[in-house]
Each structure stands twice: as structure tokens, then as C-alpha cells.
Amino acid sequence: MGSLTLPEAGLVYLDANGFIYSVERIEPYRTLLSPIWEQAAQLRAATGLKTPDAVHAATALVVGASLFVTNDPAFRRVDNLPVTVLSELMEGKEAEASAPDGENSS
């Protein structure tokens, strides 16, 4: 296997697909990631999420994330996933800021 030499300065862009496909064939990563892929497949079937989104949701569930921040309300279809939708959060903040003194719009 070759090695990767990173530049001393500057940004590095990583195409996640290349990384994922490389890692999935290597033990112990294959065994480690298998439960995530299985749960992602179940989530995709149950919720209709796209595969990459199902992988994100499954990962958050498997690691026990206490918050899942997104801009996609479709993640709310995933049971037990603590979803916060940023655009909705911002709408709430804007509504509070525009409410008359002492009133809360929620």
C-alpha cells in the first residue's frame, strides 16, 4: 500500500467516497462499520432517506449522538434521532426578535 504525503500548509480536499471505499475493505474497519451499514439499510427502507443520509443517521444513532444538526427536516422521520433543523431554529430566532416587547412568538 502506498503512502500519502500531506502538504505542510493549505487545505486538503478529501473525496469521501474514495476514503470510504478504501477503508471498508480493511479490518478492523470492516467489522467496525458493518453495524452502521446494516442500520443504514434498515433506515433507508423504513424512512425513504437517500443512502448517504441514512448512513449519517445510522452513524449518529450507533454512536449515541445527543444532537443531530441538519438543514433537512426529512431526518425527523428517523425514530430516536434528536434532530435540530437549522433553518427552523433560525426562523424561531427571527420570530422572537420581531415579537413585541415581552412577548414570545413560540
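A short reminder: the numbers here are calculations on the coordinates, not readings from a lab. Predicted model, so just to flag it, every value in this text is computed and none were measured. As a convention, Cβ positions derive from the backbone with ideal geometry for all residues, glycine included, and neighbour counts pool all protein chains shown.
Remark: the range 31-48, residue by residue, has Karplus-estimated 3J(HN,Hα) of 5, 5, 8, 3, x, 5, 5, 5, 5, 4, 5, 5, 5, 4, 5, 7, 10, x Hz, where x stands for each Gly or Pro and the curve is 6.51 cos²θ - 1.76 cosθ + 1.60 at θ = phi - 60°. For the range 58-75, 3J(HN,Hα) computed residue by residue from phi via the Karplus equation (6.51, -1.76, 1.60; θ = phi - 60°) reads 4, 4, 4, 5, 4, 8, x, 4, 8, 7, 10, 9, 8, 10, 10, x, 4, 5 Hz, glycine and proline entered as x.
Please label the shape of the range 36-98 as rounded, prolate or oblate, based on the square roots a ≥ b ≥ c of the eigenvalues of the alpha-carbon gyration tensor (a/c under 1.5 means rounded; beyond that, a/b larger than b/c means prolate, else oblate). Note, shape of the range 36-98 comes out prolate. Only the Cβ atoms of Lys and Arg (+1) and of Asp and Glu (-1) were treated as charged; on that basis the dipole of the range 36-98 about its Cα centre amounts to roughly 220 debye. Taken one residue at a time, the phi angles of the range 79-85 give Karplus couplings (6.51, -1.76, 1.60, θ = phi - 60°) of 4, 6, 9, x, 8, 10, 9 Hz. Gly and Pro are set to x.
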